[in-house]
Amino acid sequence: MALAETFTEIVESLPDDWTDLELDLRIFDERRYVEASTLLVTCNAQPYSKREWHWRLLVAHRFGHAASVPAVHAALRLLDDTGLDGELAVRETRTGRVEVKQMWGRPESVREEFRKLRAQ
């Protein structure tokens, strides 16, 4: 199965309140590592050194300091389009977190509404 399709299946299997996803990526043809790295730069893939997995992909759902789902999907689609085969492994997911926002001076009703909207 293609990497982009696998990624889509992983994302669709997560609950709606997921916030962070960590994936490991390995390509089967290690001679094309540099080519794959240039395609993965758009999703800020973190390279491993001297490990059996090649990159760590950090994905954010609605907020956070990670690549968005469309950015990761597009990068994996580029790998698929160039004929690079590989595999993905889910390492960690986080759910139920709410974005932290500066709310000093705001009434509690505004704070609650913000938490409610961001948790959906």
**Q.** Subset of the range 9-29 (residues that are part of a helix (DSSP H, G or I) and closer than 14 Å to L79 by Cβ)
**A.** none
Q | Unmet requirement for R32, which otherwise passes all of (1) outside any strand (DSSP E or B); (2) of a type outside the set (D, E); (3) modelled with pLDDT under 90 | A | (3)
**Q.** Yes/no for A66 being within 14 Å of the chain's Cα centre (by Cα), in contact (Cβ under 8 Å) with a residue 12 or more places away in the chain and farther than 11 Å from L88 by Cβ
**A.** yes
Q: Answer yes if at least one residue in the range 30-39 is closer than 26 Å to R115 by Cα and in contact (Cβ under 8 Å) with a residue 12 or more places away in the chain, and no otherwise.
A: no
Q.
For the list (1) crowded, with 16+ Cβ neighbours inside 10 Å; (2) touching a residue at least 40 places away in the same chain (Cβ under 8 Å); (3) over 15 Å from the mean Cα position of the chain (by Cα), I need the number of the one condition that L78 fails.
A. (2)
**Q.** Scope the range 1-45; condition in contact with a strand residue (DSSP E or B) (Cβ under 7 Å, 6 or more places away or on another chain), within 17 Å of A89 (Cα to Cα) and surrounded by fewer than 14 Cβ atoms within 10 Å (Cβ to Cβ); matching residues
**A.** F28
(Q) Can you tell me which residue is modelled with the lowest pLDDT among those in the range 86-98 that are surrounded by 14 or more Cβ atoms within 10 Å (Cβ to Cβ) and assigned to a loop (DSSP other than H, G, I, E, B)? (A) V98
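The values are calculated or read from the model by the stated rules, or taken from the named source; none is laboratory data. Source: prediction; values computed, not measured. Using ideal geometry, Cβ is built from the backbone for each residue, glycine included, and neighbour counts are taken over all protein chains shown.
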